[in-house]
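The values are calculated or read from the model by the stated rules, or taken from the named source; none is laboratory data. The structure presented is a predicted model; accordingly, all values stated were derived computationally and were not measured. With ideal geometry, Cβ positions are generated from the backbone for all residues, glycine too; neighbour counts draw on all protein chains shown. Ligands, DNA and RNA are stripped out before the accessible areas are found, and what is left, the full protein with its side chains, is counted by its heavy atoms. Shrake-Rupley method; radii C 1.70, N 1.55, O 1.52, S 1.80 Å.
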Amino acid sequence: MFPRLAVLFFLSGACALIYQVLWLRQLSLIFGVTVYAASTVLAAFMAGLAIGSAAAGRVSERVRSPLLWFGATEILIGASALVSPLALDLVTDAYVRAVAGVESRVLLTTARFLCSAAVLLLPTILMGATLPLALQSSVIQAPGIGSRLSVLYGVNTAGAIAGCLLAGFLLIGGLGISTTFRIAAGINLLIGAAAVWMARRFAAGQSRSTDGSPAEVGGPSASALSEDSGARRLVFIAFVLSGLASLALEVVWFRTLVLYYAATTYAFTAMLATVLAGIAAGS
């Protein structure tokens, strides 16, 4: 069952980055392809992922079938992505009216962030929820959870590389933006349907088990989790600073790239794919 889930996570990562490149491409028509525009789109995208992950981390412990919820979330991602072009049209009108005559860089950046968030928050919150939901599944909660988590994260990032390169260099130019949106949304719907089927099959297999005792979970005990809260706080702080540095470097690298290449979606795609390749290899 775990290899099938890994395949779904690869495809999920690919779809997420296809959407990110599509949204950047579309929003660049409104904001222009500049470091400021790319930064605001990236910030809105990551904000949605953070909110979704934090919310799902709390909810996933209470739901009966997290894998079923994962499937439903993927279906909702596809549905929300399908309507995002309409949202982009509405954002275009709102942005043009809001910034008419505005010269302040701070106000322009704020307007860009709010417009980006209006389009990106719903689908990216759903994207951020997928990993916590999957990790609460019985498919993952087994001995070796640490290695399974790293494999899932690496596979998801590898899928993101594939989606980034496909969207940036092939799909948008070859098939057009609308068709690329539909292809990615269709894949999300297939991922969701497959995850729902896996959840039902896994539940049926559990109910047929002759041993009525619950499966043993290889994760840490509650007492272990409650120990040394100060050290855990330091780990969280380290993760916050690590994320801050990582995203700051992405913006710096993009800014450096545009000194040598034209400030286009291709330059952003190349930078993003390279960063993701390093993350996947490290994971």
Residue check, residue 276 loosely packed, with under 11 Cβ neighbours inside 10 Å, at pLDDT 75 or above and not small (Gly, Ala, Ser): no
Search result, residues across region 24-58 that are at pLDDT below 85, over 25 Å from residue 86 (Cβ atoms) and of a type in the set (A, V, I, L, M, F, W, C): 35
Test for residue 249: is it more than 22 Å from residue 154 (Cβ to Cβ), modelled with pLDDT of 80 or more, open to solvent by 60 Å² or more (accessible area, probe 1.4 Å) and assigned to a helix (DSSP H, G or I): no
Some residue of region 12-23 being modelled with pLDDT of 90 or more and open to solvent by 30 Å² or more (accessible area, probe 1.4 Å): no
Leading residue by the ranking (least open to solvent (accessible area, probe 1.4 Å)) among those in region 89-138 that are of a type in the set (S, T, N, Q) and without any contact (Cβ under 8 Å) to a residue 40 or more places away in the chain: 104
Hits in region 40-88 - residues which are open to solvent by less than 50 Å² (accessible area, probe 1.4 Å), in a loop (DSSP other than H, G, I, E, B) and more than 13 Å from residue 129 (Cβ to Cβ): 65
Members of region 59-90 found to be in contact with a helix residue (DSSP H, G or I) (Cβ under 6 Å, 6 or more places away or on another chain) and farther than 19 Å from residue 185 by Cα, listed by number: 60, 63, 65, 66, 67
Top-ranked residue of region 50-68 - restricted to ones that are of a type in the set (Gly, Ala, Ser) and out of contact with any Ser or Thr (no Cβ under 7 Å at 6 or more places or on another chain), ranked as nearest to residue 200 (Cα to Cα): 65
Search result, residues across region 252-273 that are more than 20 Å from residue 157 (Cβ to Cβ), surrounded by 12 or more Cβ atoms within 10 Å (Cβ to Cβ) and small (Gly, Ala, Ser): 263, 267
Any hit, region 25-36, residues being farther than 20 Å from residue 247 by Cβ, of a type in the set (Val, Ile, Thr), open to solvent by 10 Å² or more (accessible area, probe 1.4 Å) and touching a residue at least 24 places away in the same chain (Cβ under 8 Å): yes
Scan of region 254-270 for residues that are under 21 Å from the mean Cα position of the chain (by Cα) and at pLDDT below 80, ordered by number: 254, 265, 266, 267, 268
Selection count, region 150-176, where residues are buried (at least 16 other Cβ atoms within 10 Å of the Cβ) and more than 16 Å from residue 278 (Cβ to Cβ): 9
